[in-house]
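One structure below.
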Amino acid sequence: MRSLPGVDAVLGEMASVVSEYGHERVVEKIRYELSALRADLQVGGLCENPLRFLVARIPAALAADAQPLLRPVINLTGTVLHTNLGRAVMSKQAIEAMVDVAGQPTNLEFDLESGRRGERDCHIENLICELTGAEAATTVNNNAAAVLLVLNSLAYKQEVPVSRGELVEIGGSFRIPEVMERSGTKLIEVGATNRTHLRDYDRAIGEHTALLMKVHTSNYRVEGFTAAVEETELAELAHARDLPLVVDLGSGCLIDMTVYGLPGEPTVREILSTGVDLVTFSGDKLLGGPQCGVIAGRKDLIARIRSNPLKRALRTDKLTLAGLAATLRLYRNPQQLQQTLPTLAALTRTEAELQTLAESLLAAVADCIGDAYSVAVETCYSQIGSGALPVETLPSCALVISSATGVDAEVRRLQAHLRSLPKPVITRLHGGRVWMDLRCLENSEELVTQLQRLSVHSK
Ligand SMILES: *Cc1c(COP(=O)(O)O)cnc(C)c1O
């Protein structure tokens, strides 16, 4: 115990560490590590050269503390728009645009022509209108905020009929009835879970009705004896009663996905052309941009939304606006979109392409996982994710790891081990095996480098 150095003695050895982390943090760390060492010695631990131990230990501990908690992972779940993994991976152009405005002043709300205060929406409004046929558009923090703001702006203390089949919950925390309640609107439930008819809406409209709303039931599908009212019909009814029709589209799709061999999803332009007055959708789902919510449609309604004080609380920041505008500009060249938009690139990778990739990785992966496990190439199905096209899946290919013993705990241990790598590898557990769906793998060398660290520990 007497051999323990004093704080100053340790500090004396750490000039460069002090300049990197600051005097106070280093002293605090030395005190902490000294007391930990003292406690260890008290219970019989041994330390041959405490000074040398601390001089090695403290910079490592400080470096570990400096690691960001939010960091990149390798997504091998097969879900392209994985909400828990941050949804859309952004394009090079969007990233550059965001970096560009991050470190310098910008004309965010400054009109360069007049020299007066400008409107932040002007950086995206024309692009959204051009790509969707809307008269006007605005953005907020996310689509949940868009729905909240639309209802609060247009239906506060009034009634909004919604089909019972559309009272959905998305990702656990967003439930249409709860958002409606918080927006100050009264939900009038219409029809039945599986069937809603035009006459149901007609009957629900009264003197306190502010608008009609339709919600894209993005994360589930009712099948069998079902009926829902199409937008065209509902728009006719709404307009006959002098009401706007609002559609929460969820995943805002700007292009015909079937062109790329993907399942069809109505585009924002198609929905607006049916007579719908406003649509809301997310920026980081199928659109492939930053997290935000877009509200597009009739100019007079957008003006009312903009003047709501809540808009100020929900507004998008300059990074998001820059990233969204850059993403939208990519849509001007749909022929290149498969190359430029990572979301679309991931969604359109073919099973054959992924099979070739899996086979090329097989030997290296087998080498890394050691004798306790075996790996095989198998076909599987990827998901689009974020509630977009929930029933449709994409044929894909995976590296599937089984434990030699067949014990479930072994497989779980491997999965946890993969998560603990410097760049965590996130996989799916299915049928007692670890599935590494390669659809979202962008850099296979990087994966192998990570997996090689696995073998160091397990062999
Ligand atoms: C995803 C989704 C939302 C929520 O959008 P966020 O951008 O996650 O806030 C709302 N409505 C529908 C129909 C959705 O699919």
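All of the numbers you see were taken from the coordinates with simple rules; none came from a lab. Note that the structure is predicted; figures quoted are calculated from it, not measured. Counting neighbours? That spans all protein chains shown, and the Cβs are built from the backbone with ideal geometry, glycine included.
Brief remarks follow.
- As a proxy for reagent exposure, ranking CYS397, CYS47 by other Cβ atoms within 10 Å from fewest up yields CYS47, CYS397.
- Here the extension length gained between GLU359 and GLU119 equals 81.1 nm, from 0.36 nm per residue of separation less the Cα-Cα distance.
- Taking a ≥ b ≥ c as the square roots of the eigenvalues of the Cα gyration tensor, the range 51-121 is classed as oblate, since a/c reaches at least 1.5 and a/b does not exceed b/c.
- When the charge dipole of the range 328-459 is built from unit charges on Cβ atoms (+1 for Lys and Arg, -1 for Asp and Glu) and taken about the Cα centre, the candidate among GLY406, PRO395, SER420 whose Cα reaches farthest toward its positive end is SER420.
- Length available on full extension from LEU319 to GLU351: 0.36 nm per residue minus the Cα-Cα distance, which gives 8.0 nm.
- For the range 300-358, a crude dipole built from +1 on the beta carbon of Lys and Arg and -1 on the beta carbon of Asp and Glu, taken about the Cα centre, is about 540 debye to the nearest 20.
- Pairs with C-alpha atoms separated by more than 22 Å, drawn from the list LYS92/LYS311; LYS186/LYS214; LYS186/LYS311; LYS214/LYS285; LYS29/LYS423; LYS92/LYS318, are LYS92/LYS311; LYS29/LYS423.
- Lys, Arg +1 and Asp, Glu -1 on Cβ, resulting dipole of the range 70-157 about Cα centre, debye, nearest 20: 520
- The calculated FRET efficiency for ARG413 paired with THR232, based on their beta-carbon distance and R0 = 51 Å, is about 0.40.
- Rounded to 5, percent antiparallel among DSSP beta bridges of the chain: 65
- When each of ARG439, ARG269, ARG241 is scored by the number of other beta-carbon atoms lying within 10 Å, the sequence from fewest to most is ARG241, ARG269, ARG439.
- The residue list LEU237, ASN333, TYR381 was ranked by how far each Cα lies along the charge dipole of the chain toward its positive end, using unit charges on Cβ atoms, and TYR381 comes out on top.
- Potential extension, ALA404-SER173 segment - 0.36 nm per residue separation minus Cα distance: 79.2 nm
- By the count of other C-beta atoms within 10 Å, a proxy for reagent exposure, LEU69, LEU362 are ordered fewest to most as LEU69, LEU362.
- Placing unit charges on the Cβ atoms only, positive for Lys and Arg and negative for Asp and Glu, gives the chain a dipole magnitude near 1000 debye about its Cα centre.
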